[in-house]
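The values are calculated or read from the model by the stated rules, or taken from the named source; none is laboratory data. This is a predicted model, so every value here is computed, not measured. Cβ: placed from backbone, ideal geometry, glycine included. Neighbour counts: every protein chain shown. What goes into the accessible areas is simple: the full protein's heavy atoms, side chains included, and nothing from ligands, DNA or RNA. Shrake-Rupley method; radii C 1.70, N 1.55, O 1.52, S 1.80 Å.
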There are 2 protein chains.
Amino acid sequence: MERQRERGFKLTPQRLAILEYLDGNRDHPAAEDIYHNVKKSFPTMSLATVYNTLEALKRRGEVVELTIDPERRHYDPNTEPHHHLICLRCKKIVDVHKEFRINIPPAQRQGFRITGNHIEFYGVCPECTRKGGVEMAVFKCESCGATKEGRCKPKKCPKCGETGTMSKQG
Amino acid sequence: MERQRERGFKLTPQRLAILEYLDGNRDHPAAEDIYHNVKKSFPTMSLATVYNTLEALKRRGEVVELTIDPERRHYDPNTEPHHHLICLRCKKIVDVHKEFRINIPPAQRQGFRITGNHIEFYGVCPECTRKGGVEMAVFKCESCGATKEGRCKPKKCPKCGETGTMSKQG
DNA sequence: ATAGCAGATAAGAATGGTTCTTGTCAAGAA
DNA sequence: TTCTTGACAAGAACCATTCTTATCTGCTAT
């Protein structure tokens, strides 16, 4: 990811913190995820700044907005064209780094000038497949103590929004 | 589309009106679109009823929810697996009725059990291509009088929400 | 330097699509 | 009839996102 002060994009400490969190991140975080994580090392960070920065990065093509999840938008710092695998159980999103040569015949093209495509593969991730049947577990947040029932460990606490703090309860 | 009273789904007049509006509709309407149009012939219709009905139809697999547009959810009464063409200018969504044989190699599958896929083709629709350059026009709603500037005729009035009421202003 | 400008920030209000709540009502069962 | 169930309308609540406002900071030209 470019980190230069150029074309009216000022690299402020806040933006740098967001860029650093995003850099190499493969979790497709939502704005709130970014906010909560960057806030740890930058307590005065505002959610509006996260949105502003994401908007600027989007315009500069340094981040891609994913509209896979109807609840919230997710952001992908990986801007090379790629596709996504979506777990229908735990809603996890993972990248697919393979080019598929899909040529849509002119008859189906309906006059459109096609410039790109994106494939969403739906399925069940290995973790959820393993927990296969109806097996349920309770997960507790180490940070705020909230609990949640589910088949897979939630990436993010549904209460306090922290990521990576949920662990399986005996 | 099935129109039978079965498995706890009561075919009330409201639901019938929604089903009739949806049946054969190729415009991928949002909940608000359905609400405004059904309201014409059913003035007491509530937006909550539209959402309830869409939820019920979704659970019964009679309608598919599209999360292509980050602004609002769109509903497609065409439940056969198909793909979509999206105009990046006017945000129009049209169906692509062709099966693409995409087999994702096990190395890329990352342990997922794949059950389906959906391809979004991005491009520019024929209407927007025609208006190619920077040409802009003003469109006025015949219903509420609101005006909007743009390259293509908006399907829906941004103010009153009626569809098909926008026409080009001299 | 100093003033002035442009863009960034924090805080919180506003927006708007979706969901929830409440009270009412109609249809079918007992 | 009375009970139960589900649907309805109206509006409140919710929550992700956007907007507004008032600072604040770092440039630039005077």
If we keep just the residues of the stretch A:34-57 that are within 14 Å of chain B (Cβ to nearest Cβ) and open to solvent by 10 Å² or more (accessible area, probe 1.4 Å), which is nearest to DNA strand C (Cβ to nearest atom)?
A:TYR51
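For the stretch B:106-129, what are the residues that are more than 7 Å from every other protein chain (Cβ to nearest Cβ) and at pLDDT 90 or above?
The initial filter retains those residues of the stretch B:106-129 that are more than 7 Å from every other protein chain (Cβ to nearest Cβ), namely B:106-107, B:109, B:127-128.
Once the filter is applied, which keeps residues that are more than 7 Å from every other protein chain (Cβ to nearest Cβ) and at pLDDT 90 or above, the stretch B:106-129 yields B:PRO106, B:ALA107, B:ARG109.
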Please tell me if A:ASN117 is outside any strand (DSSP E or B) and of a type outside the set (Gly, Ala, Ser).
no
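Might you let me know whether the stretch B:71-85 holds any residue that is more than 11 Å from DNA strand D (Cβ to nearest atom), at the interface with chain A (Cβ under 9 Å from one of its Cβ atoms), among the hydrophobic types (A, V, I, L, M, F, W, C) and open to solvent by less than 10 Å² (accessible area, probe 1.4 Å)?
Yes, because at least one residue in the stretch B:71-85 is more than 11 Å from DNA strand D (Cβ to nearest atom), at the interface with chain A (Cβ under 9 Å from one of its Cβ atoms), among the hydrophobic types (A, V, I, L, M, F, W, C) and open to solvent by less than 10 Å² (accessible area, probe 1.4 Å).
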Does B:ILE18 count as away from DNA strand C (no atom under 11 Å from the Cβ) and of a type in the set (Val, Ile, Thr)?
yes
Inside the stretch B:87-104, can you point out the residues that are at the interface with chain A (Cβ under 10 Å from one of its Cβ atoms) and open to solvent by less than 40 Å² (accessible area, probe 1.4 Å)?
B:CYS87, B:VAL94, B:ASP95, B:VAL96, B:PHE100, B:ILE102, B:ILE104
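Out of all the residues in the stretch B:21-61, which are of a type in the set (S, T, N, Q), more than 11 Å from DNA strand D (Cβ to nearest atom) and either touching a residue at least 40 places away in the same chain (Cβ under 8 Å) or outside any helix (DSSP H, G or I) (or both)?
Keep residues of the stretch B:21-61 that are of a type in the set (S, T, N, Q), which gives B:25, B:37, B:41, B:44, B:46, B:49, B:52-53.
Restricting the remaining residues to those that are more than 11 Å from DNA strand D (Cβ to nearest atom) gives B:25, B:37, B:41.
Those that are of a type in the set (S, T, N, Q), more than 11 Å from DNA strand D (Cβ to nearest atom) and either touching a residue at least 40 places away in the same chain (Cβ under 8 Å) or outside any helix (DSSP H, G or I) (or both): B:ASN25, B:ASN37.
Quick test for you: out of A:ARG73, A:ARG101, A:ARG89, pick the one residue that is at pLDDT 95 or above and charged (D, E, K, R). Steps first, please.
Details: A:ARG101 fails: at pLDDT 95 or above; A:ARG89 fails: at pLDDT 95 or above.
Only one candidate passes the filter, namely A:ARG73.
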For A:THR67, the lone unmet condition from (1) surrounded by 16 or more Cβ atoms within 10 Å (Cβ to Cβ); (2) more than 30 Å from B:VAL96 (Cβ to Cβ); (3) without any contact (Cβ under 8 Å) to a residue 12 or more places away in the chain; (4) within 11 Å of DNA strand D (Cβ to nearest atom) is (2)
Quick test of your reading of the structure: A:ARG60 fulfils all but one of (1) touching a strand residue (DSSP E or B) at 6+ places or on another chain (Cβ under 6 Å); (2) surrounded by fewer than 17 Cβ atoms within 10 Å (Cβ to Cβ). Name the failing condition by number.
(1)
Can B:PRO77 be described as away from DNA strand C (no atom under 15 Å from the Cβ), in contact (Cβ under 8 Å) with a residue 60 or more places away in the chain and of a type outside the set (A, V, I, L, M)?
yes
